[in-house]
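Where a number appears in this text, it was derived from the coordinates with a stated rule and is not lab data. Computed from a predicted structure; not experimentally measured. FYI the Cβ positions are ideal-geometry reconstructions off the backbone, even for glycines, and counts take in every protein chain you see.
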Amino acid sequence: MKLEIKIPSVGESVQEAVLVEWYKKDGDNVRKDEPLFVVETDKVTLEIVAEASGVLKILISEGETVGIGAVVGTLDTEAAPAPPPEPEPPKEEKMPPAPPVEPKETAVPVAEEAPEEAPMEPEPPDVRQVLSPAVRRLVAERNIDVTAIAGTGPGNRITKGDVLVYLEQTPTGAPGMKDVGVVGREISAQPTPPPAEDVTRKPMSPIRQRIASRLLEAKQNTAMLTTFNEIDMSRTMAMRALFKEPFKEKYGVSLGFMSFFIKASIEALKEFPEINAFVEGNEIVFHNYHHIGIAIGTGRGLVVPVIRHADVLSSAELEKAIVDYVDKIKNNRLELADLEGGTFTITNGGVFGSLLSTPILNTPQSGILGMHKIEKRPVVVDDEIQIRSMMYVALSYDHRIVDGREAVRFLVKIKECIENPELIMMEI
């Protein structure tokens, strides 16, 4: 029985996909639930597994674009070869004892005498290597024999001034002006052609095309503006260090900074609901829930899975949700539903070493928070200069519905929550 392998549907808006890679070769034996290939759409990358065991027949090669529902291969469930029998261990055969070997004299090969060669005169050093580009150019243009010039530079190197002085002192047609090369080598006045400028072209992946389209849409269809602030991370870092081990022992997941910023953002969004709203035509759509998108960088591009109803989740549940999404992305298990419905986005460029950046809106959302790397800097605390762990944060927002005052106060609220994490715990 031959079972068709089809491209599955991943959403109503997705009509085609690119078959990125086959994990198996044509004719390979595969087992049920074993990964077969990876497809990439303009939104997600999915890993397709075998529905049954059998012998694989590949119909569509890697890199081709196929429609949803297209047959890319078959599985012959009846032709699955049986596992080869285990080889029997070889029988031990008794070998007759070898006769004693009499020692023989070892012959030492004698090298043939090579004919004597006449001693070769050492070649003079290549003057071309000790001449500057300007000197070489001048020598080539005037056809000068540089062996007639006395060098005055370091290590008796010939300088451009030495050549100019020689030209002033030597009349035209003098022996030093004949068309000879540098130490017997001809110097061409023609410039050396530059090496070929090689380029490589490859088509943009569907995800990269989608990212480009969304970013361009955000720039063209929104009145995007960005405001900045800085946060003293000292108290949050101290709290994280204090509870990191017991947190992991109890919940089985590490305590990161992202859960602090998610909770701080939710508190700020409750106070400034316009940043959690969308523009739809001539209306502003306010959301009474908080679906927080977390931007995660991958080898194929940036994806933003959404943590739904983040306002009712604990710190442990938030950290687990992030870990689950990272695992899905690594194993190509992220679904289209995981990327839909976000109302606000957080991106952390600090994990890549970014000190400051301007994040672009994830349309149709009206706000995105950019986190950056934590860096120790001298700051003034109570009229004293102290070394503190600081982070720059940025908020990009749609100025059509969010005023600058609200945007600045939004960042100030996040700053207060992170610098005083007790406010998050007490929900005040």
| said: Let me spell out the model: positive unit charges on the Cβ of Lys and Arg, negative unit charges on the Cβ of Asp and Glu, origin at the Cα centre of the range 2-76. What dipole size does that give, in debye rounded to 20? | reply: 260
| query | Once the piece of chain linking E51 and R137 is laid out straight, how much longer is it, given 0.36 nm per residue of separation minus the C-alpha distance between them? | reply | 23.8 nm
| note | Projected onto the charge dipole of the range 207-426 (unit charges on the beta-carbon of Lys, Arg, Asp and Glu, signs +1, +1, -1, -1), the Cα from L339, V402, M425 with the largest positive-side position is that of L339
| How many Å³ per residue does the convex hull of the Cα positions in the range 266-398 occupy? | 146
| the range 291-312 residues near the modelled K250 label - backbone nitrogen below 19 Å, point 7 Å along Cα→Cβ | 312
| query | In a solvent-free Debye calculation with one equal scatterer on each Cα, what is log10 I(q)/I(0) for the range 2-76 at q = 0.20, 0.22, 0.24 Å⁻¹, listed in the order of the q values? | reply | -0.77, -0.92, -1.09
| message | Report the gain in length on full extension from V14 to E384: 0.36 nm times residue separation, minus Cα-Cα distance, nm rounded to one decimal. | response | 127.4 nm
| query | In the range 312-393, what percentage of the DSSP-assigned beta bridges are antiparallel, given to the nearest 5? | reply | 65
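Can you sort T147, T345 by how many other beta carbons sit within 10 Å, fewest first?
T147, T345
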| Per-selection Kirkwood Rh - the range 343-427 (Cα, Å, 1 d.p.) | 14.3
| query | When each pair of different Cα atoms in the range 235-324 is counted once in the 1/r mean, what is the Kirkwood radius in angstroms, to one decimal? | reply | 14.7
| So which trypsin sites (Lys or Arg not before Pro) in the range 10-77 pass both tests, a DSSP loop state and at most 11 other Cβ atoms within 10 Å of the Cβ? | K25, R31
| request: Using the number of other C-beta atoms within 10 angstrom as an exposure proxy, rank M233, M391, M1 with the fewest first. | output: M1, M233, M391
| query | Which of the chymotrypsin sites (Phe, Trp or Tyr not before Pro) found in the range 240-340 are loop residues per DSSP with 15 or fewer other Cβ atoms within 10 Å of their Cβ? | reply | F286, Y289
